[in-house]
Amino acid sequence: MASVRSVTRFLLGKNIFNNNLVAPTSNANFVKFYSAAPAYENIKIDVVGSKKNVGLIQLNRPKALNALCKPLFVELGKAVTDFDSDNSISAIIITGNEKAFAAGADIKEMQNNTYSDNVRAGFLREWEDISNCGKPIIAAVNGFALGGGCELAMLCDIIYAGEKAKFGQPEINIGTIPGAGGTQRLPRYVGKSKAMEIVLTGNFIDAYEAEKMGLVSRVFPVEKLLEETIKLAERIGTHSPLIVKLAKQAVNQAYETQLKAGLQFEKSIFYGTFATADRREGMTAFVEKRSPNFKNE
């Protein structure tokens, strides 16, 4: 069996990104995209779900296993921002193809960067568009989610995985460390010891191990992953968009503050919901034993 280091070298090396030796993966049976969707070079987008209220973004660099180059992330940030500002969209899904969610950053693109270059250009600044999104973002991960791919998945609010998914932070194998949140978000998901093991060895973990660690919420057969992720997004879409946004803010606060400060923040948000029409409608509907009619107010 090939070592993790050799596999990583194959996935991240020039033989993929420079020579495009990996055959494109067909998406014919994976996602149906409508001709009316805006055109992008590195991603595809669509609006899905029975109520057409779920924004779907598919990373689309199959020859490079969806390597995360800057042009891709500029497009991804724009798509997320547009969906976030669209009142008809309740939740957003980011996915790849059956072979890879994203196998890492585009090494060729960053190979000759210097420290000064990175500081002056604000390297990876485009990633902030994902973390700043107010609506829930769900990662639907099939195949490899390595390096930047794993970090992108962790930027999302929920991760669903196909049973053949592989996660990892193999940057140590190419003489660097994770730079888009891998050393910071991973310990919050899986604890210090597991995070240290993953980051310091570059080892991959499979979908079921990731679920056991708490990195992944649920694991599905590959062919069912997107269907189940859309169902989750639709379920979220049945609630008040305003309250969903506030709930997301409150949960995220738990990862960014000490417990006492987080509890105070949660209580202030909780109190604030009592100033909304949707909170009043939700409780009234419960008492009256009917379905609520939320208006995002």
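When Arg188 is tested against (1) crowded, with 16+ Cβ neighbours inside 10 Å; (2) farther than 24 Å from Tyr115 by Cβ; (3) within 17 Å of the chain's Cα centre (by Cα); (4) not aliphatic (A, V, I, L, M), just one condition goes unmet, and that condition is (1). Among the residues of region 191-208, those that are over 17 Å from the mean Cα position of the chain (by Cα) and either within 22 Å of Gln258 (Cα to Cα) or part of a helix (DSSP H, G or I) (or both) comprise Gly191, Lys192, Ser193, Lys194, Ala195, Met196, Glu197, Ile198, Val199, Leu200, Thr201, Tyr208. When the residues of region 250-297 are filtered to those that are acidic (Asp, Glu) and in a loop (DSSP other than H, G, I, E, B), the one that is modelled with the lowest pLDDT is Glu297.
Taking the numbered list (1) assigned to a helix (DSSP H, G or I); (2) at pLDDT below 90 in turn, Asn113 passes all entries but (1). Scoring Glu211 on the criteria (1) part of a loop (DSSP other than H, G, I, E, B); (2) farther than 26 Å from Glu126 by Cα leaves a single failure, condition (1).
Here's the yes/no breakdown for (1) modelled with pLDDT of 95 or more; (2) within 24 Å of Ala121 (Cβ to Cβ):
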site	(1), (2)
Lys14	no, yes
Ala28	no, no
Asn60	yes, no
Val80	yes, yes
Glu98	no, no
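Looking across region 43-55, the residues that are in contact (Cβ under 8 Å) with a residue 60 or more places away in the chain and either hydrophobic (A, V, I, L, M, F, W, C) or not assigned by TED's automatic domain parsing to the domain that holds Ala102 (or both) come down to Val48, Val54. Name the pairs whose Cβ atoms lie under 9 Å apart, with the first residue in region 57-73 and in the same structural domain as Glu128 (by TED's automatic domain parsing), the second basic (Lys, Arg) and buried (at least 22 other Cβ atoms within 10 Å of the Cβ), and 6 or more positions between them or separate chains? Close Cβ pairs (under 9 Å, with a partner that is basic (Lys, Arg) and buried (at least 22 other Cβ atoms within 10 Å of the Cβ)) amount to Ala67/Arg61; Leu68/Arg61; Cys69/Arg61; Leu72/Arg61. Which of the residues spanning region 214-241 are β-branched (Val, Ile, Thr) and assigned to a loop (DSSP other than H, G, I, E, B)? Of everything in region 214-241, those that are β-branched (Val, Ile, Thr) and assigned to a loop (DSSP other than H, G, I, E, B) turn out to be Val216, Thr238. Of the residues that make up region 231-242, is at least one closer than 27 Å to Arg61 by Cα and of a type in the set (S, T, N, Q)? Within region 231-242, not a single residue is closer than 27 Å to Arg61 by Cα and of a type in the set (S, T, N, Q). Please go through region 131-178 and pick out each residue that is part of a helix (DSSP H, G or I) and within 11 Å of the chain's Cα centre (by Cα). Residues satisfying the conditions are Ser131, Gly148, Gly149, Cys150, Glu151, Leu152, Ala153, Met154, Leu155.
Any residue in region 35-48 that is of a type in the set (A, V, I, L, M, F, W, C), modelled with pLDDT of 50 or more and in contact with a Pro (Cβ under 8 Å, 6 or more places away or on another chain)? Checked against the condition, which is being of a type in the set (A, V, I, L, M, F, W, C), modelled with pLDDT of 50 or more and in contact with a Pro (Cβ under 8 Å, 6 or more places away or on another chain), region 35-48 yields at least one hit.
In region 142-185, the residue that is farthest from Ala210 (Cα to Cα) out of those that are among the acidic types (Asp, Glu) and crowded, with 17+ Cβ neighbours inside 10 Å is Glu171.
The values are calculated or read from the model by the stated rules, or taken from the named source; none is laboratory data. Keep in mind that what you see is a predicted model, and the values were worked out from it rather than measured. We place every Cβ from the backbone using ideal geometry, glycine too, and count neighbours over all the protein chains shown.
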